[in-house]
Amino acid sequence: MTIQTIVETAKDTDRRIAKLAVDERTPGGARNLSCIITLDQSKTFQTFSGFGCALTESSGYVLSRLPSPVRQNVIESCFLPDPERSNCYVQARTHMNSCDFSLDNWACLPSPDKTLRSFSMERTDMYLTPLLQEASFASGGTLKLLISPWSPPAWMKSNADMNNGGFLQPEYRELWADYFVRFITELKKRGLSVSLVSIQNEPAAVQTWDSCIWSGAEEGSFAASCLGPALKKAGYGDIRILVWDHNRDLLFSRMSESMHAAEELNGGGYIGGAAYHWYSGDQYENVAKTAEKWPDKLLVFSEGCIEAGTRPGAWYTGERYAHNIINDLNSGCNMWIDWNMVLDMQGGPNHVGNYCDAPVIADEKSGTVQYESSYWYIGHFSRFIKPGAVRIACTMQPLMTPATVDGRMGNTMESTAFRNPDGSTALVVSNRTEADMVYELAADTNADAAGEKRYTAKADDSGRGTILYCPPRSIQTVIIRP
């Protein structure tokens, strides 16, 4: 193999997605080798659609209070298709009606109106639409949106409240499907492209903020009998419907329930996949099980953040992102979308005080922003794993590692690899220990089914593959050319 470059971000240094020559990370031998990473180009898995973040009313509000050049720089640092300057996001999630990261509760149709004539985008256009349009422009028009509702209007619900759970009253299901169509149409008028919708954010959680309860069967039947047909009739049949949009713990069981309900109505094809979050823990086996059961459906990581306010300068936050991204990708995830792009110093605004961290934190008083470790860690994936990339086999054989407490590597050293459409391979390696982790980068050299030779490791005099090291508390992206 030919290593073109190594890109690195490391704690207690000024290296942030910094390019390095290969010899700068060559230890000169295999002493203290922690693991062997083997790439096999013949074994391929899911195709990846890209990375993104959520564009909420709170993010739009915070950015509106910053000087115009600072605002523009933040948007470009996330969406510009230039890996030298940006995280190159091509996906974004946003909310239909308010969410907790809104200034208060609101809906596009706040009062009963079965005709939808009084449907209004006034509140959406205040802070959300300008942000969505600027992000789309920065992306070169490639930005695709995932639309998620946190709650229908209060008058459609059993508890007459956008907060505190409740459920959509059955008599409003067709109207609610038409509401989706109207919102998508209004966004289209504003030059915005929707590719995905989820039926409900966190449908199993009664939250003190905007929330609504759905069972798996209800989501499946709604997709098959209401939302899917409504989208198709309006000419939006290519928009894929996602179910669940909640934690990994119930991902497989909820997908099973929804698919069963939809198939009973001969509408299983209307379900395009499932979305999920990280708040219940790792549980990656549920992602892998779902990917294996329904290989033609999308698996979208749609939300994850560090909760309970901001963590300015913290390093573990970025490491948590790397751990989640690597394991989600290795389990079959097709798209990975972070939560809020930017928040204020408190981690809001949030209309119920549910403050969280974000990769970009804005100080409205000084008119400045700071990029957190999570921003740089996400960039190690989003800048170099391109839309259309295919995951390849990346096996890590752990050896004894004196740098770890128990002498075993565990999940302190993790990796994933993708082959990009241009033929290059992006290998991402994360080291969460306090010492250099020396690894051997090897490749399976057997001929593939077409009789062509795969990457061959450039061996040193000992016959080993390329020996590299990843510094303490750091992440690397290794770009390999065939």
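Data overview
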quantity	calculated
Residue within the range 342-361 that is over 25 Å from THR208 (Cβ atoms) and aromatic (Phe, Trp, Tyr) present	no
Test set (1) modelled with pLDDT of 95 or more; (2) at positive phi - ASN266 fails condition number	(1)
Residue tally, condition touching a residue at least 24 places away in the same chain (Cβ under 8 Å), surrounded by fewer than 16 Cβ atoms within 10 Å (Cβ to Cβ) and not polar (S, T, N, Q), over the range 109-124	3
The range 1-27, subset of a type in the set (Gly, Ala, Ser) and without any contact (Cβ under 8 Å) to a residue 60 or more places away in the chain, residue nearest to ALA443 (Cα to Cα)	ALA21
Unique match (being over 30 Å from ASN411 (Cβ atoms) and of a type in the set (D, E, K, R)) among ASP249, ASP238, ASP282, ASP245	ASP238
Candidate set: the range 166-184, residues that are in contact (Cβ under 8 Å) with a residue 40 or more places away in the chain, in a helix (DSSP H, G or I) and open to solvent by 40 Å² or more (accessible area, probe 1.4 Å); chosen: the one farthest from SER221 (Cα to Cα)	ARG182
Candidate set: the range 396-422, residues that are within 18 Å of LEU441 (Cβ to Cβ) and surrounded by fewer than 19 Cβ atoms within 10 Å (Cβ to Cβ); chosen: the one nearest to the chain's Cα centre (by Cα)	ASN420
Only one of ASN163, ASN159 that is of a type outside the set (Gly, Ala, Ser) and open to solvent by 50 Å² or more (accessible area, probe 1.4 Å)	ASN159
GLU202 touching a strand residue (DSSP E or B) at 6+ places or on another chain (Cβ under 8 Å), open to solvent by less than 10 Å² (accessible area, probe 1.4 Å) and over 14 Å from GLY235 (Cα atoms)	no
Residue in the range 434-444 that is farthest from THR317 (Cα to Cα), counting only those that are open to solvent by 10 Å² or more (accessible area, probe 1.4 Å) and in contact with a strand residue (DSSP E or B) (Cβ under 8 Å, 6 or more places away or on another chain)	ASP444
Some residue of the range 169-176 being touching a Cys at 6+ places or on another chain (Cβ under 7 Å), farther than 19 Å from GLY304 by Cα and not polar (S, T, N, Q)	yes
Close pairs (7 angstrom Cβ cut-off, 6 or more residues apart or separate chains): over 17 Å from PRO203 (Cβ atoms) in the range 271-296, among the polar types (S, T, N, Q) anywhere	ASP282/ASN327; TYR284/ASN327; TYR284/SER331; VAL287/SER331; ALA288/SER331; ALA291/GLN46; ALA291/SER331
The range 6-35, residues that are surrounded by 15 or more Cβ atoms within 10 Å (Cβ to Cβ), at pLDDT 95 or above and assigned to a strand (DSSP E or B)	ILE6, VAL7, GLU8, THR9, ALA10
Number of the condition not met by ASP82 [criteria: (1) in contact (Cβ under 8 Å) with a residue 24 or more places away in the chain; (2) farther than 22 Å from ILE361 by Cβ]	(1)
Conditions (1) in contact with a helix residue (DSSP H, G or I) (Cβ under 7 Å, 6 or more places away or on another chain); (2) open to solvent by less than 20 Å² (accessible area, probe 1.4 Å); (3) not polar (S, T, N, Q): number failed by GLY191	(2)
Residues of the range 133-149 classified as within 17 Å of the chain's Cα centre (by Cα), of a type outside the set (Gly, Ala, Ser) and over 14 Å from ARG182 (Cβ atoms), total	5
Tally of residues being closer than 22 Å to GLN207 by Cβ and either among the charged types (D, E, K, R) or open to solvent by 40 Å² or more (accessible area, probe 1.4 Å) (or both) across the range 355-381	2
The lone exception for SER77 - which of (1) surrounded by fewer than 20 Cβ atoms within 10 Å (Cβ to Cβ); (2) closer than 20 Å to ILE378 by Cβ it fails	(1)
Any helices (runs of 4 or more DSSP H) falling wholly within the range 269-388 and containing at least 3 residues that are charged (D, E, K, R) and modelled with pLDDT of 95 or more	284-293, 316-330
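Residues are listed down the side, and each one gets a yes or a no for (1) over 18 Å from TRP150 (Cα atoms); (2) open to solvent by 20 Å² or more (accessible area, probe 1.4 Å); (3) of a type outside the set (Lys, Arg); (4) not in a loop (DSSP other than H, G, I, E, B):
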position	(1), (2), (3), (4)
THR208	no, yes, yes, no
TRP214	no, no, yes, no
PHE222	no, no, yes, yes
LYS232	yes, yes, no, yes
ASP238	yes, yes, yes, no
ASP245	no, no, yes, yes
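The values are calculated or read from the model by the stated rules, or taken from the named source; none is laboratory data. No experiment lies behind these values; they were computed from the predicted model shown. Quick reminder, even Gly has a Cβ in these numbers, built from the backbone with ideal geometry, and neighbours come from all protein chains shown. These area figures cover heavy atoms from the full protein model, side chains too; ligands, DNA and RNA do not enter into them. Shrake-Rupley method; radii C 1.70, N 1.55, O 1.52, S 1.80 Å.
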